[in-house]
1. Name the pairs whose Cβ atoms lie under 8 Å apart, with the first residue in the range 99-123 and on the phi < 0 side of the Ramachandran plot and touching a residue at least 60 places away in the same chain (Cβ under 8 Å), the second surrounded by fewer than 16 Cβ atoms within 10 Å (Cβ to Cβ) and of a type in the set (Lys, Arg), and 6 or more positions between them or separate chains?
2. Working carefully through the options Ser62, Ser92, find the one that is crowded, with 20+ Cβ neighbours inside 10 Å, part of a helix (DSSP H, G or I), of a type outside the set (Lys, Arg) and modelled with pLDDT under 95.
3. Kindly provide the set of residues from the range 74-87 that are over 8 Å from Tyr11 (Cβ atoms) and buried (at least 17 other Cβ atoms within 10 Å of the Cβ), ordered by number.
4. Any residue in the range 1-12 that is of a type in the set (A, V, I, L, M, F, W, C) and part of a helix (DSSP H, G or I) sitting within a Cβ distance under 9 Å of a residue that is surrounded by 10 or more Cβ atoms within 10 Å (Cβ to Cβ) and modelled with pLDDT of 75 or more? List the pairs, counting only those 6 or more apart or interchain.
5. Using the structure shown, decide if Val20 is in contact with a strand residue (DSSP E or B) (Cβ under 6 Å, 6 or more places away or on another chain), surrounded by fewer than 18 Cβ atoms within 10 Å (Cβ to Cβ) and in contact (Cβ under 8 Å) with a residue 40 or more places away in the chain.
6. Can you name the residue in the range 67-80 that is in contact (Cβ under 8 Å) with a residue 24 or more places away in the chain and aliphatic (A, V, I, L, M) and, of all such residues, is farthest from Cys28 (Cα to Cα)?
7. Would you mention how many residues in the range 30-60 are without any contact (Cβ under 8 Å) to a residue 60 or more places away in the chain, β-branched (Val, Ile, Thr) and in contact with a helix residue (DSSP H, G or I) (Cβ under 6 Å, 6 or more places away or on another chain)?
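The values are calculated or read from the model by the stated rules, or taken from the named source; none is laboratory data. In this text, all values refer to a predicted model and were calculated from it rather than measured experimentally. Counting neighbours? That spans all protein chains shown, and the Cβs are built from the backbone with ideal geometry, glycine included.
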Amino acid sequence: MPIPKLSLRRYDVQARVSVVLSAAALVCVAGLAVLVFQHLVIREKVIPYNPKSLRMPLVYVSGLLALGLGIAGFGLGLNSAGQRRNDKPLHSWIGFFLGAGAITLSIILLFLFKSWGDPIIVQ
């Protein structure tokens with residue numbers, strides 16, 4: 001039997017969990033931004049990376065993790081935002097908007113890396 005204070009059936013718990021998940025998504029987005037912008041050459045519109053390194057898998061893993069956590073935080077915040085039994089509606093809205101921002105930024109950064117990424121073998 002689950003502990004009642006930690007049940008996701010309660011809307012106030014959903015509101016708090018949405019903030020935590022959305023904040024974790026933003027941490028992943030920050031890591032993704034570092035990986036994408038570290039070697040960005042705007043003048044040539046290219047992001048060079050070594051195909052033998054772990055950079056490309058790390059970009060995609062952190063991007064998909066940020067996307068998944070952002071969707072979860074967004075959904076829980078949206079679900080609990082207008083409920084009468086939710087005594088923490090501000091947490092719901094914070095989780096909702098942080099999740100939406102994390103989703104948007106992760107999609108933009110993944111698209112930027114996918115379109116401008118160039119595997120260059122460095123000796």
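1. Taking only residues 6 or more apart or on different chains, the pairs are Trp116/Lys45; Ile121/Lys52.
2. On the way: Ser62 fails: modelled with pLDDT under 95.
It is Ser92.
3. Phe74, Leu76, Gly77, Leu78, Ala81, listed by residue number.
4. These pairs meet every condition: Leu6/Val13.
5. no
6. Among residues in the range 67-80 that are in contact (Cβ under 8 Å) with a residue 24 or more places away in the chain and aliphatic (A, V, I, L, M), the one farthest from Cys28 (Cα to Cα) is Leu76.
7. Number satisfying all stated conditions: 1.
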